[in-house]
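Shown next, in structure tokens, is the structure this report addresses.
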């Protein structure tokens, strides 16, 4: 259980936190460290970010927050998510997200900051944050779906299938689940065949021309999560989730 890394020209970083890949606070920092280290390795040409199990990522471990007194777990999870999302975006080489099953909350933060997304046919994307008394990752969802749909998904907590994102051009391919990892590695090999110096500079230059500073934008969103928590709305929503999932 945890984050596994298989190093090479195509480095695989694999999320494995059963049963649903809802990462504890320490897991987000572990993921951030693995992605940063992979990009810093001169032998790495591209990173494939994948996951074990039936879903890519269900976001943060809300149960950890509710069983931890005070705000320590909440603050750690928020900082951990910010670190992991930034590590995807700022990784010195392109990151390809291989998404299966549910990609929710923090999963959208990871996929939305990736350079390319390959998805399995059963993949769905969504932000259940409003139902959890929190806000965040609309910054990253806006990189995957059109603006009005992003707003609808935030307000209603609806999910959208990968095939819609394929139509938008934000998912490169939709493949059978059994072929997902191979498809991601196939596209990764195409990138890895390029001059690595040029690819690293291309990643840096593309980040430099982005119209939105994703790190600053996401931290702005998180400020409202803290406000909701101080108001009591966040704790009430998290507790309802814990009780309903028993």
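So that you can scan it fast, the table gives a plain yes or no per residue for (1) within 23 Å of residue 86 (Cα to Cα); (2) surrounded by 14 or more Cβ atoms within 10 Å (Cβ to Cβ); (3) under 21 Å from the mean Cα position of the chain (by Cα):
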position	(1), (2), (3)
182	no, no, yes
187	yes, yes, yes
205	yes, no, no
209	yes, no, no
214	yes, yes, yes
218	yes, yes, yes
239	no, yes, no
Of the residues that make up the range 160-168, is at least one surrounded by fewer than 20 Cβ atoms within 10 Å (Cβ to Cβ), farther than 22 Å from residue 53 by Cα, under 19 Å from the mean Cα position of the chain (by Cα) and touching a residue at least 24 places away in the same chain (Cβ under 8 Å)?
-> yes
Over the range 220-237, the set of residues closer than 16 Å to residue 75 by Cβ, more than 22 Å from the chain's Cα centre (by Cα) and free of Cβ contacts under 8 Å to residues at least 60 places away in the same chain is 227, 230
If you check residue 21 against the conditions, is it at positive phi and buried (at least 24 other Cβ atoms within 10 Å of the Cβ)?
-> yes
Looking only at helices (runs of 4 or more DSSP H) that fall completely inside the range 150-246, which ones have 3 or more residues that are over 19 Å from residue 56 (Cβ atoms) and at pLDDT 95 or above?
-> 180-192, 196-208, 214-231
Which residues, counting only those in the range 2-55, are free of Cβ contacts under 8 Å to residues at least 60 places away in the same chain, in contact with a strand residue (DSSP E or B) (Cβ under 6 Å, 6 or more places away or on another chain) and in a loop (DSSP other than H, G, I, E, B)?
-> 17, 44, 52, 55
Hey, among the residues in the range 132-149 that are without any contact (Cβ under 8 Å) to a residue 24 or more places away in the chain and not in a loop (DSSP other than H, G, I, E, B), which one's farthest from the chain's Cα centre (by Cα)?
-> 148
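The values are calculated or read from the model by the stated rules, or taken from the named source; none is laboratory data. Note that the coordinates shown come from a computational prediction; the quantities given were computed from them, not determined experimentally. Quick reminder, even Gly has a Cβ in these numbers, built from the backbone with ideal geometry, and neighbours come from all protein chains shown.
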